[in-house]
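Structure first, commentary second.
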Amino acid sequence: EGVRRRDWIHVAALGTAGVGGIAVLLPAVSQMAPSKDVLAESTTDVDVSAIQPGQSIKAVFRKQPLFVKRLTPEEVAEAKADDAANMRDPQTLAERTTEGNEDILVTMGVCTHLGCVPLGAAEGENKGEFGGYFCPCHGSHYDVAGRIRKGPAPTNLEVPEYSFTSESTIRVG
Ligand code: FES
């Protein structure tokens, strides 16, 4: 019995390490319900190579929705032109992306008003008046760089800590 329990712990530890695995594997892994501190330390790897310009994907980071979007050249130009606009939470595109990869926008998919999941990451969803994300709960409009432009949300969609671990992969957390 003791041996079997130890085996189980070993397997569980492997499973927890798997939280850092590729995003598409997360739904299965998350059923293992890692403890709170393991969750707080966990990272999520996302393969960004398959994301086409203009496309977003939804992943999960520390049990919350994560949006990863590849901006089109037009969206990059629009976001840069808007850097100088009068904003509630002023941030430039460069401040919200990493150097050399300003077309990859990584944000939490959590509205900064009361925490709903904004629309706009899936094809055909309402992107709002500024072409980024739209929160249907109380009508917050985020621009192509995930910056709040209209509605009650106080701040931009949060950009979590992340870095590129290869040309095609980011590690969030
Ligand atoms: Fe998004 Fe209120 S929760 S606008």
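Taken together, the values in this text are just the output of simple stated rules run on the coordinates, not laboratory data. Just so you know, these numbers come straight off a predicted model, no measurement behind them. Here the Cβ is made from the backbone with ideal geometry for all residues, glycine too, and neighbour counts use every protein chain on show.
Values as computed for the structure displayed
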item	result
Förster radius 25 Å - calculated FRET efficiency between residue 74 and residue 99 (Cβ-Cβ, nearest 0.05)	0.75
Residue 38/residue 81 FRET efficiency (R0 45 Å; Cβ-Cβ; nearest 0.05)	0.60
Qualifying GluC sites (Glu not before Pro) in the stretch 63-104, DSSP loop, other Cβ atoms within 10 Å at most 14	99
Lys/Arg +1, Asp/Glu -1 at C-beta; the stretch 43-172 dipole; positive extreme among 114, 131, 145	114
Cut-off 19 Å (backbone N to label point 7 Å along Cα→Cβ of residue 91), residues of the stretch 148-173	148-164, 170-173
Rounded D (µm²/s) - the stretch 43-172, Kirkwood Rh over Cα pairs, Stokes-Einstein at 37 °C, 0.692 mPa s	229 µm²/s
Relative contact order (%) - the stretch 110-173, alpha-carbon pairs under 8 angstrom, separation at least six	23 percent
